[in-house]
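Undergrad: Structure in structure tokens, see below.
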Amino acid sequence: MKILQATISPHLESILSEMGVGKDAWESLLQPSREASQGDLTLPCFPFASVLRKAPQAISDEIAGLFPQLEALASVSSVNGYLNFTANPEWLADAVLSDQVHIGSALENSGRTGETVLLEHTSANPNGPFHVGRARNAILGDTLVRLHRLHGDDVRAEYYVDDMGKQVGVLAWALDNLSEEDVNELLSEREPPSERWLTKADHQRVRWYQAAQILRKDADEERKAQIEKEIGSLVHASEHGDVAVLESFEAAYTPVLEGMLATLSRLGISYDTFTKESRFVVDGTVAKLMETLDGLQISDTADNGAGFLDLGQRGLKGKTEFFYRRGDGSSLYATRDVAYHMWKWGESNRLVNVLGEDHKLQAKQVGLTLEELGQKRPEVLFYSFIKLPEGKMSTRQGNVVFMDDLLEEAHAQASAVVRELRPEYDDDKVAQIAEAVGTAAVRFNIIKVSPEKGFTFRWEEALAFEAGSAPFIMYAHTRACSISKRAHALPTSPIQPPSADAMPEGLVELLRLMCKHNDVLERSVREQKAHLFALHMLELANAYNGFYRDCPVVKENEVDGFAFAISQMARELMRSGLEGLGITPIEEM
RNA sequence: GGGCGUGUAGCACAGCUGGAUAAUGCGUCGGCCUCCUAAGCCGAAGAUCGCGGGUUCGAAUCCUGCCACGCCCGCCA
């Protein structure tokens, strides 16, 4: 709780320096208490024992005895060598009601902090429908975009379009060379495509891609060689910046990309800018970059003319050669990525990338190369893959859960719950609530766990609507909205905070959580850990439920001004916080 | 073989810049709707924090060895 810390630190400083303990020695030790029953802030006094030649308990007793009576504090206690500070709830209430807790908005750039962030996420190959395996990147990335905005940073969400190379080449070749009958025959043993997505281009075109992949693997040797030659020449042309070929690639993948973006949009995910990989080949920056790399001290040339950097000299372990140019003179994906990052540094002063754990080595190579070029490396958030209980997902093999299907199912299940719980709602209202609840549950299920944790997708967990899920937070918010609507029509007493003794536990806990709200957001954004904020929102909603239990706002058709003011503030924090998580804060459910 | 990551109640997961009784949800057991939406609230049971060693006043957290799982080690993307 930063606001409390700022209030007590000067007093601690003067007492401890008098005793002979410098600020460096204690500042980092003062931290939030583990348990609310202990207080709000705790200073363990054990480290001072050897310096002061006194028992920890004696030291904490002494500090507690010397500590002045502050309005902000309810108590300073000394227990087992720990010095515990408990905030005065009246002071917390005052902080909450005097705009010291910032609400903010996750939906637009406010420029409040003056910081700009270019956040690249998703950047999935446009070769097929968006599936759950790819979702962690997009959901994590979009949530970070939103949290940065909520924090007050100017954010640009960027999608790097992989519009060249083999994946797109295969798709383009297949669309040019295979008929619908060819495709149906090649895929006859696969599950047929869902009727539901017959008009969605990503679901249609991925079949050409899959059929081509089967041919490349199972056709007779002569046909296989012919196909590889044709695809190879397309890829080769694209990598040398052949504009006609790149345009044919674009024609092949654009409808697929549009289908993917439509899916993402349903999850509330959108991008400010799209940058095509080929851009840096066509405009010559990649060629120039390769010349620059040739001139570096750690650069070397292989027998066939390929260029590489020996990153072992810069501390890379394992395989130390980083190839940036093929023997035929063309660039590699990673080379273009370096060029892309050089460009990005011209666009923003903070770069954040969201990448799968399989890109760790690659990202390290790109980072070291950027440093070698006198540039900074970007911040990278790595995440582990989402697997199915039966194994890894793969677009090529077709064992995936499509996000479109998951969202339909989520909507259907949410809809069933709403109909059962609220039989009086009409169809439109049910649909609107079901859409918000269903997509929120899917997002939250992924956001709430830390990214490096391996994740197995399970339907029943993605579609949980109880405590610990998004609908739990949404529900607390609707309660606050419901109170707000009722209270506005009734006479309201002046805002008169009760004395600390008269404040019930549920109220005090809510005040604490609200005072911590900005701290958690700040840390969440600084460390790129969306799950910290997600879990805090769960706690905030839980605390609101406790407040709801203990503090009736409307009593006998009169509104308690103080309780109402707290409720309204909590409502605002829940609303903006939900938006920060990409959840639609509906008012009724 | 080398590098990186993960291992915490039946299940899932937080805590990992060392601090008190290891937090939360699901599941299990028990209680609460004449009162602001019960998608809620209250209570109970349930944990050798993968295993061994070390550092420390103090280790889930730091160091080290081992075990299990995941990802990577292409002139692919």
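Undergrad: Only one of (1) more than 30 Å from A:Val206 (Cα to Cα); (2) loosely packed, with under 14 Cβ neighbours inside 10 Å is not met by A:Glu390, so which one is it?
TA: (1)
Undergrad: Looking at the structure I just gave you, is A:Asp427 touching a residue at least 12 places away in the same chain (Cβ under 8 Å), more than 10 Å from RNA strand B (Cβ to nearest atom) and over 30 Å from A:Val96 (Cα atoms)?
TA: Answer is no for this residue.
Undergrad: Look through segment A:176-226, keep the residues that are aromatic (Phe, Trp, Tyr) and under 17 Å from A:Phe249 (Cα atoms), and return whichever of them is most open to solvent (accessible area, probe 1.4 Å).
TA: My answer is A:Trp208.
Undergrad: Could you grab the pairs with beta carbons closer than 7 Å, sequence gap of 6+ or different chains, first residue in segment A:556-575 and in contact (Cβ under 8 Å) with a residue 40 or more places away in the chain and farther than 21 Å from A:Pro491 by Cβ, second one among the small types (Gly, Ala, Ser) and part of a helix (DSSP H, G or I)?
TA: A:Ala570/A:Ala480; A:Met574/A:Ala476; A:Met574/A:Ala480; A:Met574/A:Ala541
Undergrad: Just checking, how many residues over segment A:321-350 are touching a strand residue (DSSP E or B) at 6+ places or on another chain (Cβ under 6 Å), of a type in the set (Ser, Thr, Tyr) and assigned to a loop (DSSP other than H, G, I, E, B)?
TA: Matching residues across segment A:321-350 total 1.
Undergrad: Return only the number of the condition from (1) closer than 20 Å to A:Leu511 by Cβ; (2) surrounded by fewer than 19 Cβ atoms within 10 Å (Cβ to Cβ) that A:Leu107 does not satisfy.
TA: Unmet condition: (1).
Undergrad: Report every pair of residues separated by at least 6 positions or lying on different chains whose Cβ atoms are under 7 Å apart, first residue within segment A:30-46 and closer than 19 Å to A:Pro10 by Cα, second assigned to a loop (DSSP other than H, G, I, E, B) and at pLDDT below 90.
TA: A:Pro32/A:Met1; A:Asp40/A:Met1; A:Leu41/A:Met1
Undergrad: State which residue is most open to solvent (accessible area, probe 1.4 Å) when the search covers only segment A:136-164 and only residues that are within 16 Å of RNA strand B (Cβ to nearest atom) and outside any helix (DSSP H, G or I).
TA: A:Asp162
Undergrad: Within segment A:471-493, can you find the residues that are open to solvent by 30 Å² or more (accessible area, probe 1.4 Å) and either within 28 Å of A:Leu581 (Cα to Cα) or assigned to a helix (DSSP H, G or I) (or both)?
TA: Passing the criteria: A:Phe472, A:Tyr475, A:Arg479, A:Ser482, A:Lys485, A:Arg486, A:His488.
Undergrad: Being away from RNA strand B (no atom under 14 Å from the Cβ) and over 30 Å from A:Ile214 (Cβ atoms) is true for just one of A:Val366, A:Val352. Which residue is that?
TA: Answer to the check: A:Val352.
Undergrad: (1) buried (at least 21 other Cβ atoms within 10 Å of the Cβ); (2) assigned to a loop (DSSP other than H, G, I, E, B); (3) within 13 Å of RNA strand B (Cβ to nearest atom): which one isn't true of A:Asn125, the others all being true?
TA: If we test A:Asn125 against (1) buried (at least 21 other Cβ atoms within 10 Å of the Cβ); (2) assigned to a loop (DSSP other than H, G, I, E, B); (3) within 13 Å of RNA strand B (Cβ to nearest atom), just (1) comes out false.
Undergrad: Report yes if A:Val417 is part of a helix (DSSP H, G or I) and within 9 Å of RNA strand B (Cβ to nearest atom), otherwise no.
TA: Judged against the criteria, A:Val417 is a match.
Undergrad: When the residues of segment A:290-336 are narrowed to those that are open to solvent by less than 10 Å² (accessible area, probe 1.4 Å) and β-branched (Val, Ile, Thr), which ends up farthest from RNA strand B (Cβ to nearest atom)?
TA: Filtering first and then ranking leaves A:Ile298.
Undergrad: Looking at A:Phe562, A:Phe547, can you tell me which residue is near RNA strand B (Cβ under 8 Å from one of its atoms) and buried (at least 19 other Cβ atoms within 10 Å of the Cβ)?
TA: After applying the criteria, what remains is A:Phe547.
Undergrad: Is there a residue in segment A:467-487 that is more than 11 Å from RNA strand B (Cβ to nearest atom), in contact (Cβ under 8 Å) with a residue 24 or more places away in the chain and of a type outside the set (Asp, Glu)?
TA: No, segment A:467-487 has no match at all.
Undergrad: Could you grab the pairs with beta carbons closer than 9 Å, sequence gap of 6+ or different chains, first residue in segment A:433-445 and free of Cβ contacts under 8 Å to residues at least 24 places away in the same chain, second one aliphatic (A, V, I, L, M)?
TA: Every condition considered, the pairs that remain are A:Ala434/A:Ala410; A:Ala434/A:Ala412; A:Ala434/A:Ala414; A:Ala434/A:Ala416; A:Ala434/A:Val417; A:Ala434/A:Val418.
Undergrad: If I go through segment A:504-522 residue by residue, how many of them are assigned to a helix (DSSP H, G or I) and within 12 Å of RNA strand B (Cβ to nearest atom)?
TA: Looking only at that region, the number is 8.
Undergrad: Here is a further query. Within segment A:187-194, does at least one residue satisfy the condition of being charged (D, E, K, R) and either at pLDDT 95 or above or in a helix (DSSP H, G or I) (or both)?
TA: no
Undergrad: Counting only residues that are surrounded by fewer than 20 Cβ atoms within 10 Å (Cβ to Cβ) and either among the basic types (Lys, Arg) or in contact with a His (Cβ under 6 Å, 6 or more places away or on another chain) (or both), how many does segment A:521-544 have?
TA: Final tally of qualifying residues: 3.
Undergrad: Tell me which residues, restricted to segment A:256-282, are farther than 30 Å from A:Asn109 by Cα and open to solvent by less than 70 Å² (accessible area, probe 1.4 Å).
TA: Within segment A:256-282, just A:Val281 meets the criteria.
The values are calculated or read from the model by the stated rules, or taken from the named source; none is laboratory data. In this text the structure is predicted, and so the values were computed from the model without any measurement. Heads up, the Cβs are rebuilt from the backbone with ideal geometry, glycines too, and the neighbour counts pull from every protein chain shown. For the accessible areas, the whole protein counts, side chains as well, though only heavy atoms, and no ligand, DNA or RNA atoms are used. Shrake-Rupley method; radii C 1.70, N 1.55, O 1.52, S 1.80 Å.
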